[in-house]
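The values are calculated or read from the model by the stated rules, or taken from the named source; none is laboratory data. If you're wondering where the values come from, they're calculated on a predicted model, not measured in any experiment. Glycine also receives a Cβ, built like all others from the backbone with ideal geometry; neighbour counts cover every protein chain displayed. What goes into the accessible areas is simple: the full protein's heavy atoms, side chains included, and nothing from ligands, DNA or RNA. Shrake-Rupley method; radii C 1.70, N 1.55, O 1.52, S 1.80 Å.
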Amino acid sequence: MYLNRIQWAAVLLAAGVLATARGHAADRPGQDACASLSLLPIVRDVGVTALDVQVRRGRCEVAIEAASMRALYRQQQVVNAISQAACGAGSEATADKRGLPALSMRLPA
């Protein structure tokens, strides 16, 4: 995975915000667990056509659709890096069953 300095800075910023927000969310029951991922569009790959972040089954899920498998892979690597830095573990990826360049990623609980 190749990211330039600006992209790495954005990844680290988003990871730091996510880690901070996860700690504060524990203090406020009912807080949206994915609120801090609103910064994810900052590190959105140019080939990504749709990026959606929502809480499903108590965990953050990131749905990604891309124009190509290459763009999808790059975005997957960015989300996984954020997950690794903020949560201490990688995210779980599930490929689109229709064969489209799309996947869903669940961050660790």
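Looking at the range 88-107, which of its residues are open to solvent by less than 40 Å² (accessible area, probe 1.4 Å) and over 11 Å from the mean Cα position of the chain (by Cα)? Listed by number, the residues that qualify are ALA89, ASP96, PRO101, ALA102, LEU103.
When the strands (runs of 3 or more DSSP E) confined to the range 40-97 are screened for residues that are touching a residue at least 24 places away in the same chain (Cβ under 8 Å), those reaching at least 2 such residues are found at 48-56, 59-66. If the condition is being open to solvent by 20 Å² or more (accessible area, probe 1.4 Å), farther than 17 Å from ALA109 by Cα and modelled with pLDDT of 65 or more, then the range 26-62 contributes LEU39, PRO41, ILE42, ARG44, ASP45, VAL46, THR49, ALA50, LEU51, ASP52. For residues in the range 63-86 being open to solvent by 40 Å² or more (accessible area, probe 1.4 Å) and of a type in the set (A, V, I, L, M, F, W, C), which is farthest from ALA50 (Cα to Cα)? Checked the range 63-86; the qualifying residue farthest from ALA50 (Cα to Cα) is ALA85.
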